[in-house]
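*Asks:* After the C-alpha cells below, expect a handful of questions from me.
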Amino acid sequence: MAAQLHARGLDVIGATIPPWGGFDNNPQHEVMRQKVNLWLRTQRVLDGVVDFDRVLRDPADPTRMLPALDSGDHLHPGPPGYQVMGSSIDLSLFR
C-alpha cells in the first residue's frame with residue numbers, strides 16, 4: 001500500500017498502536033502489538049511514524065495507558081490523552 005501511495009507522489013505516515021492493557025489482557029495480543037510497534041519504529045517503508053505508544057503508556061506498566069490520559073475504558077484516551085497525542089506530532093512530517 002505504501003508503494004502504491006508513493007507511486008502517486010504521496011507521503012505515508014504511520015502511528016504506533018497505543019497500550020490497551022485493562023481492555024485486552026490477552027498476552028498474545030500484547031506480543032503482537034509490541035512486534036508491530038517495533039516494526040513501525042525501525043522500518044524504512046514509511047516516510048514517518050508518530051509514536052502514540054510512547055506518549056500514552058504508563059511507565060510503571062507499559063502495557064497500560066497512563067491513568068491520567070485514559071478515558072476510563074483502557075482503550076481510548078480521554079481529552080488529556082488526545083491533547084498529548086496531538087502535541088506529540090512533529091508537524092514537519094506534513095510539509
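*Asks:* Going by the conditions given, is residue 5 part of a helix (DSSP H, G or I), at pLDDT 95 or above and surrounded by 12 or more Cβ atoms within 10 Å (Cβ to Cβ)?
*Replies:* It is true that residue 5 is part of a helix (DSSP H, G or I), at pLDDT 95 or above and surrounded by 12 or more Cβ atoms within 10 Å (Cβ to Cβ).
*Asks:* Of all the helices (runs of 4 or more DSSP H) wholly in the range 12-95, which have at least 1 residues that are loosely packed, with under 12 Cβ neighbours inside 10 Å and over 15 Å from the mean Cα position of the chain (by Cα)?
*Replies:* Counting at least 1 such residues, we get 27-42, 79-88.
Okay, residues lined up against (1) touching a residue at least 40 places away in the same chain (Cβ under 8 Å); (2) in contact with a strand residue (DSSP E or B) (Cβ under 8 Å, 6 or more places away or on another chain):
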site: 15; (1), (2): no, yes
site: 24; (1), (2): yes, no
site: 38; (1), (2): no, no
site: 50; (1), (2): yes, yes
site: 60; (1), (2): no, no
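*Asks:* Restricting the search to the range 1-54, which residues are basic (Lys, Arg) and more than 23 Å from residue 86 (Cα to Cα)?
*Replies:* Residues of the range 1-54 basic (Lys, Arg): 8, 33, 35, 41, 44, 54.
8, 35, 44, listed by residue number.
The values are calculated or read from the model by the stated rules, or taken from the named source; none is laboratory data. Since the model is a prediction, treat every value here as computed from it, not as a measurement. Counting neighbours? That spans all protein chains shown, and the Cβs are built from the backbone with ideal geometry, glycine included.
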